[in-house]
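> Handing you a structure now.
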């Protein structure tokens, strides 16, 4: 990378309020270390109490979603890569945001889109009710064979956010084995 390109990246990050950034493999160990860094960043910002807990909980849920459902990057051992960033909006409200992106298999897009559209359309009370209902749902293993928690992670993220979740997909070229992937982005605002 050229130094001018790095300087432009640094300036763009600062102009957009970025406070924390991780790009690379997502493992339980990385989540633990990055989580400590994220908490320290929030402490430096003077963020504590419920807001800090909501941001941290969302970070953990996003990271767990990458570990459990992200597309394998290939190689001898399963590898899940992600980018995750924390920032502060530059508006007077000084809201915080958390964005995560990772690869997903193209065949998972419709399922993810359906779940996220449903969550986006819910009010805060409906999200809380759906979360409580899903906690008691012992049959989810029969109705959703892919999701271990049957959407509890997405409901947790939506419950903790102050605004509807934002998300999107970006196509990627097929990999060396011809597998089709897309980049999945999700953003929560606090």
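The values are calculated or read from the model by the stated rules, or taken from the named source; none is laboratory data. A quick note: this is a predicted structure, and the numbers were derived from the prediction, not measured. Note that we place each Cβ from the backbone using ideal geometry, even for glycine, and neighbour counts take in every protein chain shown.
> Suppose we keep only residues that are in a helix (DSSP H, G or I) and more than 21 Å from residue 171 (Cβ to Cβ) within the range 61-80. Which one would you say is modelled with the lowest pLDDT?
Among those that are in a helix (DSSP H, G or I) and more than 21 Å from residue 171 (Cβ to Cβ), it is 68.
> Now for a different question. Is it true that some residue in the range 44-57 is more than 27 Å from residue 79 (Cβ to Cβ), part of a helix (DSSP H, G or I), in contact with a helix residue (DSSP H, G or I) (Cβ under 7 Å, 6 or more places away or on another chain) and in contact (Cβ under 8 Å) with a residue 12 or more places away in the chain?
Yes, some residue in the range 44-57 is more than 27 Å from residue 79 (Cβ to Cβ), part of a helix (DSSP H, G or I), in contact with a helix residue (DSSP H, G or I) (Cβ under 7 Å, 6 or more places away or on another chain) and in contact (Cβ under 8 Å) with a residue 12 or more places away in the chain.
> Restrict the check to the range 27-44 and report whether at least one residue is within 19 Å of residue 158 (Cβ to Cβ) and touching a strand residue (DSSP E or B) at 6+ places or on another chain (Cβ under 8 Å).
Within the range 27-44, none of the residues are within 19 Å of residue 158 (Cβ to Cβ) and touching a strand residue (DSSP E or B) at 6+ places or on another chain (Cβ under 8 Å).
> Go through the range 102-190 and tell me which helices (runs of 4 or more DSSP H), entirely inside it, have 1 or more residues that are modelled with pLDDT of 95 or more, under 17 Å from the mean Cα position of the chain (by Cα) and over 26 Å from residue 56 (Cβ atoms).
109-120
> Give the residues of the range 150-190 that are without any contact (Cβ under 8 Å) to a residue 60 or more places away in the chain, out of contact with any helix residue (DSSP H, G or I) (no Cβ under 6 Å at 6 or more places or on another chain) and surrounded by 15 or more Cβ atoms within 10 Å (Cβ to Cβ), sorted by residue number.
166
> In the range 81-101, what residues are part of a loop (DSSP other than H, G, I, E, B) and either touching a residue at least 24 places away in the same chain (Cβ under 8 Å) or surrounded by 15 or more Cβ atoms within 10 Å (Cβ to Cβ) (or both)?
Within the range 81-101, 89, 90, 95 meet the criteria.
> With respect to residue 14, determine if the residue is out of contact with any strand residue (DSSP E or B) (no Cβ under 6 Å at 6 or more places or on another chain) and assigned to a helix (DSSP H, G or I).
Criteria met by residue 14.
> Here is a follow-up. Take the range 168-190 and flag every residue that is more than 17 Å from residue 107 (Cβ to Cβ) and in contact with a strand residue (DSSP E or B) (Cβ under 6 Å, 6 or more places away or on another chain).
Passing the criteria: 168, 185, 186, 187, 188, 189, 190.
> Going by the structure shown, is residue 59 on the phi < 0 side of the Ramachandran plot, touching a strand residue (DSSP E or B) at 6+ places or on another chain (Cβ under 7 Å) and surrounded by fewer than 17 Cβ atoms within 10 Å (Cβ to Cβ)?
No: the conditions fail for residue 59.
> Something else now. Restricted to the range 23-41, and to residues that are touching a residue at least 40 places away in the same chain (Cβ under 8 Å) and more than 13 Å from residue 80 (Cβ to Cβ), which residue is surrounded by the most Cβ atoms within 10 Å (Cβ to Cβ)?
For the range 23-41, the residue satisfying everything is 38.
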